[in-house]
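As structure tokens, the structure follows; a few thoughts come after it.
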């Protein structure tokens, strides 16, 4: 039986400093070299995930942007993608403007992956996010809203206070055209509202990966609410000890926490 092992990154495979430990790198690279199919599914971009997992020698494709893309981590090639229809995109744009929320917009502009934002609408949480990505070639600073929604849009991130973003989430969450996640940022006090096409989920991406790699079953690891769909789609699922309660209740079992290398230690004992 061919098994695919898929782990979330932040709060799961990565330690609290946002990096993968030397121990986890050693274990995972050895297992991958031995033929174990391991990869990650993250809300991060490939660019950000590659920095956090530096030294991890993946052979299987990875899931990025919460399932919007499946990518070859060695070449950056998109193997599968989900984007908004013109109507869905226009609807989101109208709601963002109605609620005076200025998002970070992820799109392919003139064929190039871009992260666009209005520099006149930057709060502390957005500034922290942007400052942590200085030098990222995807960054596309705009002096105003003109051009903010250009290109082939596939992801919106809104960063702010819970009370500010909750009405927008409520307006979108029940719409069948979208997948939305709304949660407090792992390393900050602000909340993040992430808006994606309906089929941009870790569950849908896991199904595509299993078919692509011809796997019979999948084992998942996670810690947060954006891993719920991943757990639903997996044949077995393991919550790290620091996971939110809803994920712990769904899990096949609870394993060691992210700061204790829980995923790598479980894989070292069980992965075949």
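Residue-by-condition table, conditions (1) at pLDDT 95 or above; (2) in a loop (DSSP other than H, G, I, E, B):
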position: 102; (1), (2): yes, yes
position: 108; (1), (2): no, no
position: 113; (1), (2): no, no
position: 120; (1), (2): yes, yes
position: 134; (1), (2): no, yes
position: 159; (1), (2): yes, no
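Determine, yes or no, whether residue 186 is in contact with a helix residue (DSSP H, G or I) (Cβ under 7 Å, 6 or more places away or on another chain) and either in the same structural domain as residue 167 (by TED's automatic domain parsing) or free of Cβ contacts under 8 Å to residues at least 12 places away in the same chain (or both).
yes
Please go through region 235-264 and give me each residue that is in a helix (DSSP H, G or I), under 19 Å from residue 17 (Cα atoms) and over 20 Å from the mean Cα position of the chain (by Cα), ordered by number.
Scanning region 235-264 gives a single hit, 260.
Does region 200-209 include one or more residues that are free of Cβ contacts under 8 Å to residues at least 12 places away in the same chain, more than 25 Å from residue 248 (Cβ to Cβ) and not assigned by TED's automatic domain parsing to the domain that holds residue 126?
Looking through region 200-209, none of the residues is free of Cβ contacts under 8 Å to residues at least 12 places away in the same chain, more than 25 Å from residue 248 (Cβ to Cβ) and not assigned by TED's automatic domain parsing to the domain that holds residue 126.
Please work out which residue is surrounded by the most Cβ atoms within 10 Å (Cβ to Cβ), limiting yourself to region 59-68 and to residues that are in contact with a helix residue (DSSP H, G or I) (Cβ under 7 Å, 6 or more places away or on another chain) and in a loop (DSSP other than H, G, I, E, B).
Per the stated criteria, the residue is 61.
Those residues that are part of a loop (DSSP other than H, G, I, E, B) and crowded, with 20+ Cβ neighbours inside 10 Å, I need them from region 17-43; list them, please.
Answer for region 17-43, where residues must be part of a loop (DSSP other than H, G, I, E, B) and crowded, with 20+ Cβ neighbours inside 10 Å: 20, 42, 43.
Here is a list: 139, 95. Which entry is over 17 Å from the mean Cα position of the chain (by Cα), assigned by TED's automatic domain parsing to the domain that holds residue 172, closer than 23 Å to residue 165 by Cα and surrounded by 12 or more Cβ atoms within 10 Å (Cβ to Cβ)?
95
I need a count of the residues in region 1-16 that are surrounded by fewer than 16 Cβ atoms within 10 Å (Cβ to Cβ) and under 20 Å from the mean Cα position of the chain (by Cα).
Total satisfying the criteria: 1.
The values are calculated or read from the model by the stated rules, or taken from the named source; none is laboratory data. In this text the structure is predicted, and so the values were computed from the model without any measurement. Cβ atoms come from the backbone with ideal geometry, glycine included; neighbour counts cover every protein chain shown.
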